[in-house]
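The values are calculated or read from the model by the stated rules, or taken from the named source; none is laboratory data. Note that the coordinates shown come from a computational prediction; the quantities given were computed from them, not determined experimentally. Please note: Cβ atoms are built from the backbone with ideal geometry, for glycine as well, and neighbour counts cover all protein chains shown. Only protein heavy atoms, including side chains, enter the accessible area calculation; ligands, DNA and RNA are left aside. Shrake-Rupley method; radii C 1.70, N 1.55, O 1.52, S 1.80 Å.
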Amino acid sequence: MTIFFDKKTKTFHLQNAQISYLLGIEENNSLVHLYFGKKIKNYSGNYRYPRTDRSFSPNPPDASDRLLSLDTLPLEFPGNGFGDFREPAYNLKLKNGSRITDFRYDSYKIIAGKPTLEGLPALYVEAENEAETLVVTLKDTLSKLQLKLSYTIYKGFAVIARSTQLVNDSQDSVEVNRLASQSIDFPNRELDLIHLNGSWAKERQLTREKVNTGIKVLDSKRGSSSHHQNPFVALVDPTTTEFQGDAYGINLVYSGNHETVIQKDPYDQTRVITGLNSFNFSWQLGAGETFQTPEAVMVYSSNGLNELSHTYHDLYNHHLIRGEAKLKERPTLINNWEATYFDFNEEKVMKIVEEAKALGIEMFVLDDGWFGGREDDFTSLGDWTETEGKIACGLENLSQKIHEKGLKFGIWFEPEMISEDSDLFRAHPDWALGVPGRGRSLGRNQFVLDFSRQDVRDNIYQQMTSILDRIPIDYVKWDMNRNMTEVYSVLLDSENQGEVSHRYMLGLYEFLEKLVTNYPEILFESCSGGGGRFDAGLLYYMPQTWTSDNTDAVARLKIQYGTSLAYPISSMGAHVSAIPNHQTERKTSLATRGNVAMSGVLGYELDLTQLSTEEKKEIKEQVNFYKQHRQLLQFGTFYRLKSPFEGNDTAWMFVSKNQEEAMVFYYRVLTEASAPLTTLKLVGLLEDENYEFDGKMIAGDELMNIGFYINPELSGDYVSQRFYLRKV
Ligand code: GLA
């Protein structure tokens with residue numbers, strides 16, 4: 001991997017074995033985008049923006065002739081005011097009220113490794129030789145502002161990580177109304193946009209559409225990355241599939257309000273801008289201060305979407321997820337939420353624990369309802385003290401009893417929330433987000449604590465850690481069960497109110513950094529009504545996420561398929577629950593529920609004491625099977641073979657890194673009389689090696705090129721099959 005600057009052609013070339021990223025400096029010192037894609041060995045300098053005089057395309061003040069206009073120039077970090085009328089990557093209001101800034105190329109530096117992003121989650125390196133970073137400085141001379149555009153290229157990954165800093169070298173403060181993490185201009189080409197949208201219990205549904213002329217905005221204004229629009233998009237060629245074609249992914253490492261703006265102009269150029277949501281955002285950047293944006297992770301694949309996902313998965317497993325859980329097999333668990341909801345006591349819990357032990361499950365997680373007298377969702381958030389008497393022996397003894405049985409012990413918190421009916425709210429009503437004089441909207445009967453405030457964070461941190469210090473706890477589920485309304489902080493001045501949402505996230509990240517640093521042995525799983533905050537920002541602190549509150553095996557096919565586009569399988573919590581399913585009322589077989597949940601971090605979320613002997617036997621087999629193949633299922637290469645968004649059947653497979661083992665899952669939603677005879681071809685195997693498959697010995701080339709028939713007897717609704725392959 002290298003980054004070099006060619007003085008003759010005035011181009012920067014970031015290059016590794018997979019990709020090239022090219023930037024150029026135009027004659028008027030505008031920084032332009034030249035290329036991002038498959039590696040170019042030596043760029044000649046030939047490909048340059050064509051000079052042409054177009055009516056109504058203005059020329060910048062110092063242009064030597066009428067041939068240069070920002071109106072059509074593919075700018076690397078576009079602004080507004082000098083003739084580029086497209087969406088800008090930034091919007092700054094200066095002291096004199098002007099929003100016109102003129103950033104020109106000033107200088108660059110190349111840094112070994114990758115600097116951290118202050119206060120924000122980001123990709124990291126463990127050694128300096130793993131990556132290299134280019135920082136290009138643009139300056140607006142009149143306002144004395146600098147933009148520092150940062151690009152990191154990693155060895156061995158088709159990725160560029162980008163972020164932006166705004167440095168205010170003037171004597172005045174400047175109001176930041178938009179500052180993107182990245183902007184990229186694609187030259188004329190047809191593109192499809194793929195994005196992950198949804199709602200509660202229906203997260204990350206995959207939508208693919210043509211990019212048409214005009215502007216499309218994909219965003220969240222909900223105070224979290226949201227169930228509704230994940231901060232991930234892919235831009236692909238219309239012919240791109242899972243296995244072939246160009247694909248560009250952009251994933252924002254952020255858990256709050258975000259936006260991606262896609263604009264196709266009349267000249268068939270497409271601009272894609274990603275960053276903090278500019279809606280209701282304003283930040284007063286004082287003299288001498290710097291504003292740092294979150295990071296955007298841009299991945300390129302020349303072999304379709306599966307390869308794009310492999311890069312994200314490997315990158316996140318190696319350079320985003322940290323701590324003791326990094327690349328470590330994750331425990332199977334039993335969670336009591338759907339088993340008992342709030343209605344539990346020591347006896348019930350211990351019965352579940354005993355069953356779990358007999359079935360080979362490794363951890364018990366006590367969910368909502370153990371604190372502050374909480375027996376329903378109307379009370380007690382903010383009062384993180386154990387409800388005396390609910391667990392008769394007390395939590396400390398419970399933890400001990402569970403540990404004595406050989407299981408780990410996990411517990412649920414919802415630290416960012418406050419119930420109106422809580423001691424904390426009675427003592428500090430101003431600690432919840434809210435506008436003085438106005439009512440507060442409820443969400444699940446609760447308010448949101450103002451995590452932009454240090455005093456609020458300190459109080460919750462102290463409460464939470466007094467539990468963690470007293471009771472041996474191996475795992476924490478960090479929940480967040482509503483979105484933000486009446487976003488206002490009473491500690492901030494009027495002109496700073498546009499900062500609250502982002503200050504909240506910075507506060508949350510600061511809290512989490514302290515927590516994971518001080519409790520390195522705890523495994524953290526994040527949650528927001530299921531997968532309402534499944535994003536790369538939280539994965540930096542918490543290596544797992546509860547994928548969805550929807551545990552129905554059929555609904556999960558789409559949810560997990562969509563999630564896998566950007567996020568590693570080892571980060572996806574997936575549980576087998578009871579039937580009829582609590583969210584959809586659907587009844588699926590235990591085998592199918594197991595086959596879906598095994599394609600993530602397997603857990604169970606049902607009352608184990610209510611199961612028949614056969615069901616227990618089956619679960620025991622599932623758990624045992626999963627533990628045997630956990631490395632493959634959590635960290636193997638995951639291939640999507642058949643999409644649940646395109647038909648009745650879904651298939652995916654896992655291949656071990658040495659390609660000697662694989663696991664294939666096939667699911668059929670509805671049965672059909674005279675169903676089509678379906679074949680399945682595998683991928684990722686060694687062509688010349690033989691695999692033991694379904695009791696036979698078959699070579700990799702045959703399995704990949706001819707494939708095999710799916711058993712036509714696979715009938716009934718919601719059925720599934722699983723195949724394990726091993727090289728002989
Ligand atoms: C959210 C979570 C659930 C459960 C409940 C508890 O909905 O997603 O898994 O923890 O909260 O109140």
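Some observations on this one:
- Filtered by the rule that a residue be buried (at least 24 other Cβ atoms within 10 Å of the Cβ) and closer than 29 Å to Asp474 by Cα, region 578-593 gives a lone residue, Arg593.
- Selected residue (only one of Tyr151, Tyr124 is assigned to a loop (DSSP other than H, G, I, E, B) and under 26 Å from Phe5 (Cα atoms)): Tyr124
- Which listed residue is assigned to a loop (DSSP other than H, G, I, E, B), touching a strand residue (DSSP E or B) at 6+ places or on another chain (Cβ under 8 Å) and not hydroxyl-bearing (Ser, Thr, Tyr), from Arg222, Arg189: Arg189
- For Gly256, the test of being of a type in the set (Gly, Ala, Ser), in contact (Cβ under 8 Å) with a residue 24 or more places away in the chain and open to solvent by less than 10 Å² (accessible area, probe 1.4 Å) is passed.
- Residue list for region 334-347, restricted to those being within 12 Å of the ligand (Cβ to nearest atom), touching a strand residue (DSSP E or B) at 6+ places or on another chain (Cβ under 9 Å) and not in a loop (DSSP other than H, G, I, E, B): Asn335, Trp337, Glu338, Ala339
- Residue list for region 362-394, restricted to those being away from the ligand (no atom under 16 Å from the Cβ), without any contact (Cβ under 8 Å) to a residue 60 or more places away in the chain and surrounded by fewer than 18 Cβ atoms within 10 Å (Cβ to Cβ): Glu388, Gly389, Ala392, Cys393, Gly394
- Extreme residue, farthest from the ligand (Cβ to nearest atom), among residues of region 430-487 that are in contact with a Phe, Trp or Tyr (Cβ under 6 Å, 6 or more places away or on another chain), open to solvent by 10 Å² or more (accessible area, probe 1.4 Å) and farther than 23 Å from Phe409 by Cα: Val435
- In the condition set (1) part of a helix (DSSP H, G or I); (2) surrounded by 22 or more Cβ atoms within 10 Å (Cβ to Cβ); (3) over 19 Å from the mean Cα position of the chain (by Cα), Thr517 is compliant with all but (2).
- Asn129 fulfils the conditions (1) open to solvent by 60 Å² or more (accessible area, probe 1.4 Å); (2) part of a strand (DSSP E or B) except for a single criterion, (2).
- Criterion: within 30 Å of Ser301 (Cβ to Cβ) and of a type in the set (S, T, N, Q) - qualifying residue of Thr116, Thr52: Thr116
- Boolean, Glu355 is out of contact with any Asp or Glu (no Cβ under 8 Å at 6 or more places or on another chain), over 29 Å from Asp458 (Cβ atoms) and more than 16 Å from the ligand (Cβ to nearest atom): yes
- If you check Val601, Val516, Val554, Val576 for being away from the ligand (no atom under 16 Å from the Cβ), more than 28 Å from Met484 (Cβ to Cβ), touching a residue at least 12 places away in the same chain (Cβ under 8 Å) and among the hydrophobic types (A, V, I, L, M, F, W, C), only one passes: Val554.
- Residues satisfying the stated conditions in region 351-380, i.e. of a type in the set (A, V, I, L, M) and touching a Leu at 6+ places or on another chain (Cβ under 8 Å): Ile352, Val353, Ala356, Leu359, Ile361, Met363, Val365, Leu366
- In region 604-631, residue farthest from the ligand (Cβ to nearest atom) [restricted to those that are among the acidic types (Asp, Glu) and more than 23 Å from Trp546 (Cβ to Cβ)]: Glu614
- Residue in region 229-239 that is in a strand (DSSP E or B), of a type in the set (A, V, I, L, M, F, W, C) and touching an Asp or Glu at 6+ places or on another chain (Cβ under 7 Å) present: yes
- Within region 164-190, residues that are among the basic types (Lys, Arg) sit with their Cβ atoms under 6 Å from residues that are surrounded by 18 or more Cβ atoms within 10 Å (Cβ to Cβ) and assigned to a strand (DSSP E or B), at 6+ positions apart or across chains, in these pairs: Arg178/Tyr90; Arg178/Asn91.
- The residue list Leu686, Leu682 contains one member that is open to solvent by less than 20 Å² (accessible area, probe 1.4 Å) and either on the phi > 0 side of the Ramachandran plot or outside any strand (DSSP E or B) (or both), which is Leu682.
Listed here are the residues, each with its yes/no results for (1) open to solvent by 10 Å² or more (accessible area, probe 1.4 Å); (2) more than 16 Å from the ligand (Cβ to nearest atom); (3) in contact with a Leu (Cβ under 7 Å, 6 or more places away or on another chain); (4) within 17 Å of Pro415 (Cβ to Cβ).
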site	(1), (2), (3), (4)
Met505	no, yes, no, yes
Arg533	no, no, no, yes
Leu538	no, no, no, yes
Ser548	no, no, no, no
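- Only one of the numbered conditions (1) in contact with a helix residue (DSSP H, G or I) (Cβ under 9 Å, 6 or more places away or on another chain); (2) open to solvent by 70 Å² or more (accessible area, probe 1.4 Å); (3) farther than 20 Å from Met480 by Cα is violated by Leu398, and that is (2).
- Residue match in region 664-672 (condition: of a type outside the set (A, V, I, L, M), open to solvent by 30 Å² or more (accessible area, probe 1.4 Å) and in a strand (DSSP E or B)): no
- Any chance Phe413 is under 30 Å from Leu359 (Cβ atoms) and in contact with a His (Cβ under 7 Å, 6 or more places away or on another chain): no
- In region 395-429, the residues that are within 16 Å of the ligand (Cβ to nearest atom) and either modelled with pLDDT under 95 or of a type in the set (Ser, Thr, Tyr) (or both): Ser419, Ser422
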